[in-house]
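Report on the structure given below.
The values are calculated or read from the model by the stated rules, or taken from the named source; none is laboratory data. The structure displayed is predicted, hence computed values, not measured ones. Because the Cβ atoms are built from the backbone with ideal geometry, glycine has one as well, and the counts that use them run over all protein chains shown.
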């Protein structure tokens, strides 16, 4: 690990350690999107093992998002998010050589839309302080 990578990782860890719950959700979306895209790129380049590793990391993040839902407080929104996260994970189970890039890009689009909504919530919360 070079010095630059070390500094970046340190900064990222600090952002996680000091972030608000809304910021942490945004960071989880960023990570899932990043790993889905890395998986698609590795798959296209014929690096199947790397693609699988990245895919598993993305899936773990989506599962973390799913596990963090509070159905009592979140009601219908939490239920809808649960269904969407389960859909994303389910699509990963349907990956084939022909649809790999398309499915992962669809997952990224879904997550990017959700990410934007959380960013807006975060901005509103920060504006109210």
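Of these, 83, 116, 122, 106, which one is modelled with pLDDT under 95 and part of a helix (DSSP H, G or I)? Result of the check over 83, 116, 122, 106: 122.
Looking across segment 95-110, the residues that are closer than 15 Å to residue 52 by Cα and either crowded, with 17+ Cβ neighbours inside 10 Å or touching a helix residue (DSSP H, G or I) at 6+ places or on another chain (Cβ under 7 Å) (or both) come down to 95, 100, 101, 103, 104.
Pairs are defined by a Cβ separation below 9 Å, a sequence spacing of at least 6 or placement on different chains, a first member in segment 84-104 that is in contact (Cβ under 8 Å) with a residue 24 or more places away in the chain, and a second member that is assigned to a loop (DSSP other than H, G, I, E, B); the pairs so defined are 104/95.
Note on segment 38-65: residues that are touching a helix residue (DSSP H, G or I) at 6+ places or on another chain (Cβ under 6 Å) and either closer than 16 Å to residue 107 by Cα or buried (at least 19 other Cβ atoms within 10 Å of the Cβ) (or both) total 13.
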